[in-house]
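Following: one structure in structure tokens, then a few remarks.
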Amino acid sequence: MTLLELFVIAVGLSMDAFAVSVCKGLSVSRVRPAHALTCGGYFGLFQGMMPLIGWLLGVRFQSIIVSIDHWIAFVLLGLIGINMIRESREDEEECLDCSFSFRAMLPLAVATSIDALAVGVTFAFLQVKILPAVVFIGVTTFVLSTMGTWVGGVFGTRFKNKAEFAGGAILVLMGGKILLEHLGILG
């Protein structure tokens with residue numbers, strides 16, 4: 001996997017966290033640096049940890065499913081991406097309180113990083129160097145989530161759905177690329 005491909009996946013995975021960070025920025029009357037760093041820290045940490053956990057699970061079962069690994073990557077990335085696109089089309093507003101406490105942030109960090117767990121499973125089949133990959137994903141998410149909190153404080157929800165849609169489309173396209181490369185259609 002190239003650095004560009006990893007960057008595209010990292011940005012795609014970060015879009016849920018970015019969207020929630022925008023909402024968290026909206027939930028306070030004035031965004032402070034601590035708010036932005038809290039969102040970035042929680043989301044970046046969990047987006048980095050979950051692919052590592054998924055990779056560990058994938059490596060453990062790799063020998064059993066190596067003949068269909070490309071299909072697994074295609075289906076997982078496709079389903080995650082389609083779900084993100086579907087969620088971007090929903091008009092209902094997410095209701096987030098203005099708390100940045102552990103109790104408020106932990107469930108958000110876990111919920112926005114579940115898709116990263118599935119991506120980590122696919123990394124086991126793609127022979128990805130996992131430590132640089134998870135650090136890269138975590139740092140990318142940290143930066144985008146920190147920025148998202150500020151964006152929420154300034155611009156509001158105008159970009160939330162577009163960010164989720166873009167992230168979903170990226171993951172669907174990456175899943176298709178993996179499948180087409182394995183089938184020999186892309187070189």
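The values are calculated or read from the model by the stated rules, or taken from the named source; none is laboratory data. Predicted, not measured: the structure shown is a model, and the values here were computed from it. Glycine also receives a Cβ, built like all others from the backbone with ideal geometry; neighbour counts cover every protein chain displayed. When the accessible area is computed, the model is the full protein with side chains, heavy atoms only, and any ligands, DNA or RNA have been set aside. Shrake-Rupley method; radii C 1.70, N 1.55, O 1.52, S 1.80 Å.
Per-structure values
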quantity	calculated
Answer from Leu57, Leu37, Leu45 - the residue that is closer than 19 Å to Leu77 by Cα and at pLDDT 90 or above	Leu57
Subset of the range 24-38 that is surrounded by fewer than 17 Cβ atoms within 10 Å (Cβ to Cβ) and touching a Cys at 6+ places or on another chain (Cβ under 9 Å) - its residue that is nearest to Ala166 (Cα to Cα)	Val28
Count of the range 116-146 residues which are farther than 19 Å from Gly81 by Cα, part of a helix (DSSP H, G or I) and open to solvent by 40 Å² or more (accessible area, probe 1.4 Å)	7
Meets criteria (part of a helix (DSSP H, G or I), farther than 22 Å from Leu106 by Cα and within 20 Å of the chain's Cα centre (by Cα)) for Phe61	no
Residue identified as open to solvent by 50 Å² or more (accessible area, probe 1.4 Å) and in a helix (DSSP H, G or I) among Ser67, Ser113	Ser67
Residue match in the range 124-140 (condition: closer than 28 Å to Ser29 by Cα, over 17 Å from the mean Cα position of the chain (by Cα), β-branched (Val, Ile, Thr) and at pLDDT 80 or above)	no
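Yes or no, residue by residue, for (1) open to solvent by less than 50 Å² (accessible area, probe 1.4 Å); (2) without any contact (Cβ under 8 Å) to a residue 60 or more places away in the chain:
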| residue | (1), (2) |
| --- | --- |
| Thr2 | no, yes |
| Asp16 | yes, no |
| Val22 | yes, no |
| Gly40 | yes, no |
| Phe43 | yes, no |
| Ile53 | no, no |
| Leu57 | no, no |
| Phe74 | no, no |
